[in-house]
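Visitor: Just passing along the structure, written as structure tokens.
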Amino acid sequence: MPSVTFTTTPAPVLPSRGTLRPLGLNEVRITGGFWGRRQELNHDATLTHIGNRLESEGWLSNFDLAAAGMLPQGRRGAVFADSEVYKYLEALAWEIARSGSERLEGTFRSIVTRVAAAQEPDGYLNTSVGRTGQIPRWSDLEWGHELYCLGHLFQAAVARVRTRPDADDGLVQIARRAADLVCEVFGNGGIESVCGHPVVEVGLVELGRALTTQRYAHQARLFIERRGRRTLNDIEWSRKYFQDDVSVRDTEVLHGHAVRANYLAAGAVDVAIETGDEELLASLRQQWSHTIARRTYLTGGQGSHHQDEAFGEDWELPSDRAYSETCAGIGSIMFSWRLLLASGEPVYADLIERTLYNVVAAALSRDGRSFYYTNTLHQRVPGTPADPDRTWPRASSSLRAPWFEVSCCPPNIARTLASLDAYVASVNGDGVQLHQYAPAEVRTHLEDGQSVQFDVDTVYPENGRVLITIRSDSSQPWNLSLRVPAWAYGTRLRVQTTDGESEEKTVEPGIVSVRRAFRAGDHVELTLPMQPRISKPDPRIDAIRQCVAIERGPLVLAVESVDLATSDDVSAVAIDLRSQPHERDGRVWISLRIGHDSDRDWPYGTPDGATAERAAEVPLIPYYDRANRGLSTMRIWLPVLEPC
Ligand code: FUB
Ligand code: ZN
């Protein structure tokens, strides 16, 4: 555990009520494995890379220019470039807490000093709006992103106050002054509207929780209640784009811009929790279910429109047009996590796991210095490698790119990885719940004050064995609750105690609890079935009808053209299910028929029979590891070979 003493729980979300209390970075430490490696990469490479880019792109010096009265001439970056600096600060705050790094503490402080210098006397803070030569404050709520940027500032301040409550860097004061201004300007009797891009809602509620004031949650409630009243101007994609077409309460399914929709829903859960609004919470749970049942990719990715970065209609989930923005995946994790804490239901942790492995991990390169902004499920062209010295249009690169003109995703990944320990486990009156499986140390107290300590050993998802070793003696029984993912039929649970008791049984997907007065040295072992599974889509997702995908544990698998003969791409493969997917040498293999009709002037009508085909056994890769072996085409959904 880090040597810092925490006086509050260092976690991004601390609801004032709910079913579960999340454990913070002082109570859970991921010690290695799949996620531990990525956290180290984040520490060693990604954070430095992002810091360098924020500097070289001029997004940090926008604050210096503001302080020097030299805006708007030299300002660079999108209108919301400030928000990337705030997300970076949030990532740094969590990472400083996780690692105790003095180097990062120095970086953090020097950036806060630059941000502080740009804040105006009344608390206003934005480098693209409000000065002579810029548009007036709050005059473009559709696109100005002023409240959006502040929402990310508030989240950064929450991370700081919960990890270094006594720090004198000043970030929390900056956030408080800005939040007070928001309440003055947008409170009752003020501007009766909302920001075109939600996120201020989650920021306000959490800042209010962290600073123990009701004022900010009250303001967030106003924003949630106002959304859907059509106060924003209509745009070419309609007000649906920013969820201003129907009230949050009456919404049936997430729609419009996918990042906006998820951030809004997460903020609405926060408001429902803080205000005891059960009706709103029930509506949000129903919206989540509908969205997962009909508008979510197998990877957990969301958003199937490139033009407006938006959700499609129900069942509109084309693989090759999947937008699946990395930030939408992270927004979905934020929404799901809040519903998990509110309800305790494992479906939410299931989706978080799916999205972490198949969106968040997939977006990050092996060296931690390039990223996917969009996460297609079918790469049709090998494309070209991204030039490391260039800044890329967001969705155009086929390999991960080091930076984008709109670079919302990289710092979002960084803050998620740095705070990931706080999404692993929770406590309630009965005991401790483990939601995600990673090697970890858990050290906490139950509500009755009893100390609970245990270690988790696992190489999951390489294999499905998760061994929990209790490290503390308990005088009273408590529940150790483990999530059994929805796909994990046949999971085995084994309990082996130091006093010689032993039990083993098969458990069903959902939650399995072991209740006892545990003694140090007791073992609980979960063995999740990791053999490859064949997944079939609902036929209403007609873009992938008569296709299957192969999954293994939480991982979605894919076929990549580098595993075919040199001249082949993945466009005309079919899977032969007469032989089952099987594991060999640590990889999953399938039988493919590879080939294509010869080119014709008109690609429809009766084939002329000139099909060249060959059969081959081909290895699959985890989707998260795609595009790491050079240029290739790739697909997840595979047409099933028609019986001859
Ligand atoms: O508008 C801010 C961010 O830029 C959105 O969340 C992303 O989708 C990108 O458009
Ligand atoms: Zn993004």
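The values are calculated or read from the model by the stated rules, or taken from the named source; none is laboratory data. Keep in mind it's a predicted model, so treat the numbers as computed, not measured. As a convention, Cβ positions derive from the backbone with ideal geometry for all residues, glycine included, and neighbour counts pool all protein chains shown. For accessibility, only protein heavy atoms count, side chains too; no ligands or nucleic acids. Shrake-Rupley method; radii C 1.70, N 1.55, O 1.52, S 1.80 Å.
Visitor: Out of Arg338, Arg295, Arg260, which single residue is in contact (Cβ under 8 Å) with a residue 12 or more places away in the chain, in contact with a strand residue (DSSP E or B) (Cβ under 8 Å, 6 or more places away or on another chain), buried (at least 20 other Cβ atoms within 10 Å of the Cβ) and of a type in the set (D, E, K, R)? First the steps, then the outcome.
Guide: Numbers: Arg338 fails: in contact with a strand residue (DSSP E or B) (Cβ under 8 Å, 6 or more places away or on another chain); Arg260 fails: in contact with a strand residue (DSSP E or B) (Cβ under 8 Å, 6 or more places away or on another chain).
Going through Arg338, Arg295, Arg260 in turn, the sole match is Arg295.
Visitor: When only residues in segment 501-514 that are closer than 19 Å to Leu467 by Cβ and open to solvent by 40 Å² or more (accessible area, probe 1.4 Å) count, which is farthest from the chain's Cα centre (by Cα)? Working first, answer last.
Guide: Here is the first cut: in segment 501-514, the ones closer than 19 Å to Leu467 by Cβ are 501-507, 511-514.
Now narrow it down to the ones that are open to solvent by 40 Å² or more (accessible area, probe 1.4 Å): 501-506, 511, 513.
Working: Glu501: 40, Ser502: 39, Glu503: 37, Glu504: 35, Lys505: 34, Thr506: 31, Ile511: 23, Ser513: 27 Å.
Taking the candidates together, the pick is Glu501.
Visitor: Return yes or no: is Ala282 out of contact with any strand residue (DSSP E or B) (no Cβ under 7 Å at 6 or more places or on another chain), open to solvent by 20 Å² or more (accessible area, probe 1.4 Å) and either assigned by TED's automatic domain parsing to the domain that holds Thr376 or not hydroxyl-bearing (Ser, Thr, Tyr) (or both)? Please lay out each step first, then the result.
Guide: Details: out of contact with any strand residue (DSSP E or B) (no Cβ under 7 Å at 6 or more places or on another chain): yes; open to solvent by 20 Å² or more (accessible area, probe 1.4 Å): yes; either assigned by TED's automatic domain parsing to the domain that holds Thr376 or not hydroxyl-bearing (Ser, Thr, Tyr) (or both): yes.
In short, yes.
Visitor: Of the residues Trp138, Trp143, only one is open to solvent by 20 Å² or more (accessible area, probe 1.4 Å), closer than 21 Å to Asn62 by Cα and within 16 Å of ligand 1 (Cβ to nearest atom); which?
Guide: On the way: Trp138 fails: within 16 Å of ligand 1 (Cβ to nearest atom).
So the residue among Trp138, Trp143 that is open to solvent by 20 Å² or more (accessible area, probe 1.4 Å), closer than 21 Å to Asn62 by Cα and within 16 Å of ligand 1 (Cβ to nearest atom) is Trp143.
Visitor: Among Ala328, Ala266, Ala272, Ala361, which is the only one that is surrounded by fewer than 24 Cβ atoms within 10 Å (Cβ to Cβ), of a type outside the set (S, T, N, Q) and assigned by TED's automatic domain parsing to the domain that holds His218? Steps first, please.
Guide: Details: Ala328 fails: surrounded by fewer than 24 Cβ atoms within 10 Å (Cβ to Cβ); Ala266 fails: surrounded by fewer than 24 Cβ atoms within 10 Å (Cβ to Cβ); Ala272 fails: surrounded by fewer than 24 Cβ atoms within 10 Å (Cβ to Cβ).
Within the list Ala328, Ala266, Ala272, Ala361, the selection yields Ala361.
Visitor: May I pose another question? Looking at Glu405, Glu447, Glu462, Glu441, can you tell me which residue is in the same structural domain as Ser343 (by TED's automatic domain parsing), open to solvent by 20 Å² or more (accessible area, probe 1.4 Å) and not small (Gly, Ala, Ser)? So that I can check it myself, show each step before the final result.
Guide: On the way: Glu447 fails: in the same structural domain as Ser343 (by TED's automatic domain parsing); Glu462 fails: in the same structural domain as Ser343 (by TED's automatic domain parsing); Glu441 fails: in the same structural domain as Ser343 (by TED's automatic domain parsing).
When all the criteria are applied, what remains is Glu405.
Visitor: Moving on to the next point. Which of the residues that make up segment 240-263 are over 24 Å from Glu345 (Cα atoms) and within 16 Å of ligand 1 (Cβ to nearest atom)?
Guide: Initial filter on segment 240-263 (over 24 Å from Glu345 (Cα atoms)): 240-247, 256-257, 260.
The answer is Lys240, Tyr241, Phe242, Gln243, Asp244, Gly256, His257, Arg260.
Visitor: Still on this structure: Quickly run through segment 310-337 and pick out the residues that are within 23 Å of Cys547 (Cα to Cα), more than 11 Å from ligand 1 (Cβ to nearest atom) and not hydrophobic (A, V, I, L, M, F, W, C).
Guide: Initial filter on segment 310-337 (within 23 Å of Cys547 (Cα to Cα)): 311-324.
Filter again for more than 11 Å from ligand 1 (Cβ to nearest atom), leaving 311-322, 324.
Once the filter is applied, which keeps residues that are within 23 Å of Cys547 (Cα to Cα), more than 11 Å from ligand 1 (Cβ to nearest atom) and not hydrophobic (A, V, I, L, M, F, W, C), segment 310-337 yields Gly312, Glu313, Asp314, Glu316, Pro318, Ser319, Asp320, Arg321, Ser324.
Visitor: For segment 561-581, how many residues meet the condition of being open to solvent by 60 Å² or more (accessible area, probe 1.4 Å) and over 21 Å from Thr633 (Cα atoms)?
Guide: 2
Visitor: Whether any residue in segment 618-629 is in contact with a Lys or Arg (Cβ under 6 Å, 6 or more places away or on another chain) and of a type outside the set (Ser, Thr, Tyr) is what I want to check. Before you say what the answer is, go through the steps one by one.
Guide: Taking segment 618-629 and keeping what is in contact with a Lys or Arg (Cβ under 6 Å, 6 or more places away or on another chain), we get 619, 628.
If we keep only those that are of a type outside the set (Ser, Thr, Tyr) too, we end up with 619, 628.
Yes: one or more hits.
Visitor: If I go through segment 216-238 residue by residue, how many of them are of a type in the set (Ser, Thr, Tyr) and either exposed (fewer than 15 other Cβ atoms within 10 Å of the Cβ) or farther than 15 Å from Val199 by Cβ (or both)? Outline the logic, then answer.
Guide: Keep residues of segment 216-238 that are of a type in the set (Ser, Thr, Tyr), which gives 216, 231, 238.
Then drop every residue that is not either exposed (fewer than 15 other Cβ atoms within 10 Å of the Cβ) or farther than 15 Å from Val199 by Cβ (or both), which leaves 231, 238.
Number satisfying all stated conditions: 2.
Visitor: I want to confirm something. Restricting to segment 381-396 and keeping residues that are surrounded by fewer than 19 Cβ atoms within 10 Å (Cβ to Cβ) and of a type in the set (Gly, Ala, Ser), which single residue is farthest from ligand 1 (Cβ to nearest atom)?
Guide: Applying the filter and picking the extreme gives Gly383.
Visitor: Do you know which of the residues in segment 301-328 that are assigned to a loop (DSSP other than H, G, I, E, B) and farther than 14 Å from Leu377 by Cα is nearest to ligand 2 (Cβ to nearest atom)? It would help to see each step written out before you state the result.
Guide: As a first pass, look at segment 301-328 and keep what is assigned to a loop (DSSP other than H, G, I, E, B): 301, 303-309, 311-325.
From what is left, the residues that are farther than 14 Å from Leu377 by Cα are 307-309, 311-315.
Working: Gln307: 16, Asp308: 14, Glu309: 9, Phe311: 15, Gly312: 18, Glu313: 23, Asp314: 24, Trp315: 25 Å.
Of everything passing the filter in segment 301-328, Glu309 is nearest to ligand 2 (Cβ to nearest atom).
Visitor: Look through Ala282, Ala266 and report the one residue that is small (Gly, Ala, Ser) and within 16 Å of ligand 1 (Cβ to nearest atom). Let's see the steps before the verdict.
Guide: Numbers: Ala282 fails: within 16 Å of ligand 1 (Cβ to nearest atom).
Being small (Gly, Ala, Ser) and within 16 Å of ligand 1 (Cβ to nearest atom) holds for just one of Ala282, Ala266, which is Ala266.
Visitor: Hey, another quick one. From the set of residues in segment 241-257 that are farther than 20 Å from Ala293 by Cβ and touching a strand residue (DSSP E or B) at 6+ places or on another chain (Cβ under 8 Å), which is surrounded by the most Cβ atoms within 10 Å (Cβ to Cβ)?
Guide: Selected residue: His257.
Visitor: In segment 248-294, how many are in a loop (DSSP other than H, G, I, E, B) and either farther than 14 Å from Leu222 by Cα or in contact with a Pro (Cβ under 6 Å, 6 or more places away or on another chain) (or both)?
Guide: Start the filter on segment 248-294 by keeping residues that are in a loop (DSSP other than H, G, I, E, B), which leaves 248-256, 276-277.
Filter once more, keeping what is either farther than 14 Å from Leu222 by Cα or in contact with a Pro (Cβ under 6 Å, 6 or more places away or on another chain) (or both): 250-256, 276.
The total comes to 8.
Visitor: Further, regarding this structure: Could you list, in sequence order, the residues of segment 450-459 that are among the hydroxyl-bearing types (Ser, Thr, Tyr) and crowded, with 16+ Cβ neighbours inside 10 Å? Before you say what the answer is, go through the steps one by one.
Guide: Applying the first criterion (among the hydroxyl-bearing types (Ser, Thr, Tyr)) to segment 450-459 yields 451, 458.
Answer for segment 450-459, where residues must be among the hydroxyl-bearing types (Ser, Thr, Tyr) and crowded, with 16+ Cβ neighbours inside 10 Å: just Thr458.
Visitor: Considering only segment 255-292, state which residues are aliphatic (A, V, I, L, M) and within 16 Å of ligand 2 (Cβ to nearest atom).
Guide: Taking segment 255-292 and keeping what is aliphatic (A, V, I, L, M), we get 258-259, 261, 264-266, 268-269, 271-273, 280-282, 284, 292.
Of everything in segment 255-292, those that are aliphatic (A, V, I, L, M) and within 16 Å of ligand 2 (Cβ to nearest atom) turn out to be Ala258, Val259, Ala261, Leu264, Ala266.
Visitor: Can you list the helices (runs of 4 or more DSSP H) lying wholly within segment 38-140 that have 2 or more residues being among the charged types (D, E, K, R)? If you could, list the steps in order and put the result at the bottom.
Guide: On the way: elements: 47-56, 61-67, 81-99, 102-118.
Here the list reads 47-56, 81-99, 102-118.
Visitor: Next question. Kindly list the number of the only condition in (1) closer than 22 Å to Val202 by Cα; (2) among the β-branched types (Val, Ile, Thr); (3) not in a helix (DSSP H, G or I) that fails for Thr355.
Guide: (3)
Visitor: On to the next question. Looking for whichever is away from ligand 1 (no atom under 16 Å from the Cβ) and open to solvent by less than 20 Å² (accessible area, probe 1.4 Å) here; the options are Ile352, Ile413. Which one fits? Before you say what the answer is, go through the steps one by one.
Guide: Values: Ile413 fails: away from ligand 1 (no atom under 16 Å from the Cβ).
Answer to the selection: Ile352.
Visitor: Right, next: What number of residues within segment 463-487 are touching a residue at least 60 places away in the same chain (Cβ under 8 Å) and either assigned to a loop (DSSP other than H, G, I, E, B) or small (Gly, Ala, Ser) (or both)? It would help to see each step written out before you state the result.
Guide: If we filter segment 463-487 for residues that are touching a residue at least 60 places away in the same chain (Cβ under 8 Å), which is where we start, we get 463-466, 483-487.
If we keep only those that are either assigned to a loop (DSSP other than H, G, I, E, B) or small (Gly, Ala, Ser) (or both) as well, we get 463-464, 485-487.
The number of residues fulfilling the criteria is 5.
Visitor: With the condition kept exactly as written, say whether any residue in segment 148-164 is open to solvent by 20 Å² or more (accessible area, probe 1.4 Å), farther than 22 Å from Arg221 by Cα and free of Cβ contacts under 8 Å to residues at least 60 places away in the same chain.
Guide: no
Visitor: Could you look through segment 75-106, keep only residues that are in contact with a helix residue (DSSP H, G or I) (Cβ under 8 Å, 6 or more places away or on another chain) and open to solvent by 40 Å² or more (accessible area, probe 1.4 Å), and pick out the one that is nearest to ligand 2 (Cβ to nearest atom)? First the steps, then the outcome.
Guide: Of all residues in segment 75-106, those in contact with a helix residue (DSSP H, G or I) (Cβ under 8 Å, 6 or more places away or on another chain) come to 75-77, 80-99, 101, 104-105.
Within this subset, residues satisfying the condition of being open to solvent by 40 Å² or more (accessible area, probe 1.4 Å) are 75-77, 99.
On the way: Arg75: 21, Arg76: 19, Gly77: 14, Ser99: 25 Å.
So, considering only residues that are in contact with a helix residue (DSSP H, G or I) (Cβ under 8 Å, 6 or more places away or on another chain) and open to solvent by 40 Å² or more (accessible area, probe 1.4 Å), the one nearest to ligand 2 (Cβ to nearest atom) is Gly77.
Visitor: Considering (1) within 30 Å of Trp59 (Cβ to Cβ); (2) away from ligand 1 (no atom under 16 Å from the Cβ); (3) open to solvent by 10 Å² or more (accessible area, probe 1.4 Å), say which one His378 fails and leave the rest.
Guide: All conditions are met except number (1).
Visitor: Quick check on this structure: which one of Glu192, Glu236, Glu206 is outside any loop (DSSP other than H, G, I, E, B) and modelled with pLDDT of 95 or more?
Guide: Values: Glu192 fails: outside any loop (DSSP other than H, G, I, E, B); Glu236 fails: outside any loop (DSSP other than H, G, I, E, B).
Matching residue, one of Glu192, Glu236, Glu206: Glu206.
Visitor: Then there is this: May I ask you to verify whether Arg629 is closer than 17 Å to Ser535 by Cα, assigned to a loop (DSSP other than H, G, I, E, B) and basic (Lys, Arg)?
Guide: Values: closer than 17 Å to Ser535 by Cα: no; assigned to a loop (DSSP other than H, G, I, E, B): yes; basic (Lys, Arg): yes.
No; evaluated as a whole, the condition is false for this residue.
Visitor: Keeping to segment 259-285, report how many residues are out of contact with any Cys (no Cβ under 6 Å at 6 or more places or on another chain) and under 30 Å from Tyr373 (Cβ atoms). Lay out the reasoning, then the answer.
Guide: Initial filter on segment 259-285 (out of contact with any Cys (no Cβ under 6 Å at 6 or more places or on another chain)): 260-285.
Narrowing the set further to residues that are under 30 Å from Tyr373 (Cβ atoms) leaves 260-271, 284-285.
Residues flagged as out of contact with any Cys (no Cβ under 6 Å at 6 or more places or on another chain) and under 30 Å from Tyr373 (Cβ atoms) within segment 259-285 amount to 14.
Visitor: Pull out all pairs, ordered by first then second residue, where Cβ-Cβ is under 7 Å, the residues are six or more apart or on different chains, the first lies in segment 188-211 and is open to solvent by 10 Å² or more (accessible area, probe 1.4 Å), and the second is of a type in the set (Asp, Glu).
Guide: Pairs found: Gly190/Glu184.
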